[in-house]
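Have a look at the structure below, then the notes.
The values are calculated or read from the model by the stated rules, or taken from the named source; none is laboratory data. This is a predicted model, so every value here is computed, not measured. We place every Cβ from the backbone using ideal geometry, glycine too, and count neighbours over all the protein chains shown. Note: accessible area is taken over every heavy atom of the protein model, side chains too, but ligands, DNA and RNA are not part of it. Shrake-Rupley method; radii C 1.70, N 1.55, O 1.52, S 1.80 Å.
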Amino acid sequence: MHISMYSGERILPEKIFNVTYQQSLKAYEYAATYAAGKTVLDVASGEGYGTHLLGKTAAKAVGLDLHRGAVEDAQKNYGNTNVVFHQGDLLNAPAVLKGEQFDVVCCFQTIEHVEDHDAFLASLAAVARPGGIILVSTPNKKVFPSFNPYHVHELDYNEIHNLFARNFQESKIYGVFGDEAVMRYRESKQKVSDAILRIDFLQARNWLPRKLLLAIYAFVSYFLIKKISFLKHAKEITHITTDNFAVRENYAKDSLDFIAVAWKKA
């Protein structure tokens, strides 16, 4: 494995990450309802499990990720005749993909990592066919807010709604919701996170060198926040599946994650 070391951000299909993993899979299950028989691009495909899921019904599913190790592992674990993975970022996607455009373009849990959201959406639209569908997921910053040094610009409901409304003629914002078991875990994890942040009374997170900050964040996120929360709810966490989540449009502003769906002008 090239990426066995947890960075603090990448989702891994392991027991300790199960709630986040199933939440991520729920977004891909929803995207799969648009993908049957179509060509699909999964931007920031990571471990490749989502691209693999899309490829079960899509005519072709392509994963694109900046991390070479992730791409190599994804290709080894999930690559087949209709699922392939390429290394590259969104800005050089047209060159990497040799100008190919797709019926459906997915990009999950990534837009919060970039500053210029309008340019980001324009880049996604550039690799979608006319009339194609673009799906973007991102955390709701108003629900369980916490410090994350990887996130550059998080969004609330009004911000993501306005962002998509000004970039596409037609778009909708859905929410990913968790049931009581999911929310108990999330609340437990948030309490641990809040307690750790209170210890940092000198606000060291605002002035530490970035590399050191990311290393500390990865350690704290894995060994303290996730480990403690997992040990407290281990039996419940391991039984959580995508059935514990729902995607719906009503009350999306109170959801855990947003899924924005937009249609590129034909």
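In whole Hz, what ³J(HN,Hα) sequence does the range 107-114 give by Karplus (6.51, -1.76, 1.60; θ = phi - 60°), x for Gly and Pro?
8, 10, 6, 10, 4, 5, 8, 10
With no solvent and one equal point scatterer per Cα, compute the Debye intensity ratio I(q)/I(0) for the range 71-129 at 0.12, 0.14, 0.25 Å⁻¹ and report its log10, rounded to two decimals.
-0.33, -0.45, -1.20
May I ask you to evaluate 6.51 cos²θ - 1.76 cosθ + 1.60, the Karplus curve with θ = phi - 60°, for each residue of the range 252-266 and list the ³J(HN,Hα) values in order in whole Hz, giving x for glycine and proline?
Each residue of the range 252-266 in turn: 4, 5, 9, 7, 6, 10, 9, 10, 8, 10, 10, 10, 6, 4, 6 Hz.
Kindly provide the Kirkwood hydrodynamic radius of the range 22-115 in Å, to one decimal, from all pairs of distinct alpha carbon atoms.
Numbers: mean 1/r = 0.0773 Å⁻¹.
That comes to 12.9 Å for the range 22-115.
Longer than 18 Å from Cα to Cα, which of 191/253; 141/191; 60/98; 56/172 are they? Say none if no pair is. Before the final figure, lay out the partial values.
Values: 191/253 22 Å; 141/191 16 Å; 60/98 15 Å; 56/172 25 Å.
Beyond 18 Å between Cα atoms: 191/253; 56/172.
Sorting check: for 205-212, 259-266, which peptide has the highest mean count of neighbouring beta carbons within 10 Å, and how do the rest follow? Please list the in-between numbers first.
On the way: 205-212: 10.0, 259-266: 18.0.
Highest mean packing first, the order is 259-266, 205-212.
So what are the ³J(HN,Hα) numbers for the range 238-243, from phi and the Karplus equation (6.51, -1.76, 1.60; θ = phi - 60°), rounded to whole Hz, Gly and Pro as x?
Values, residue by residue: 5, 9, 6, 10, 5, 5 Hz.
In nm, to one decimal, how far is the residue 250 label point from the residue 146 one, both placed 7 Å along Cα→Cβ?
The modelled label-to-label distance comes out at 3.0 nm.
Using modelled amide H (1.01 Å from N, peptide plane; none on Pro or chain starts), what sits under 5 Å from the amide H of residue 257, excluding residues fewer than 5 places away?
140, 176
Quickly work out the residue 170-to-residue 57 label distance, labels modelled 7 Å from Cα along the C-beta direction, and quote it in nm with one decimal.
Here the modelled spin labels are 1.9 nm apart.
Debye calculation, C-alpha points only, no solvent: report log10 I(q)/I(0) for the chain at q = 0.07, 0.12, 0.13, 0.15 Å⁻¹, in the same order as the q values.
Treating every Cα as an identical point scatterer, log10 I(q)/I(0) equals -0.24, -0.73, -0.87, -1.17.
Work out the charge dipole of the chain with +1 on the Cβ of Lys and Arg and -1 on the Cβ of Asp and Glu about the Cα centre, then indicate which of 78, 123, 32 is farthest towards its positive end.
It is 78, whose Cα lies furthest towards the positive end.
Carbon and sulfur atoms: what percent of the 1.4 Å accessible area of the chain do they account for? All intermediate terms of the calculation are to be shown ahead of the outcome.
Values: 7240 of 13050 Å².
Heavy-atom surface of the chain belonging to carbon and sulfur, 1.4 Å probe: 55 percent.
Could you work out how much longer the chain between residue 207 and residue 183 gets when fully extended? Use 0.36 nm per residue separation minus the Cα distance between them, nm to one decimal. Please list the in-between numbers first.
Numbers: separation 24, 0.36 × 24 = 8.64 nm, distance 3.25 nm.
Contour length minus the Cα-Cα distance gives 5.4 nm.
Over the chain, with the other protein chains present, what is the accessible area per residue in square angstrom, probe 1.4 angstrom?
Solvent-accessible surface per residue comes out at 49 Å².
Starting from the amide H of residue 152, placed 1.01 Å from N in the peptide plane, find each other amide H under 5 Å away whose residue is 5 or more places distant or on another chain.
113, 114
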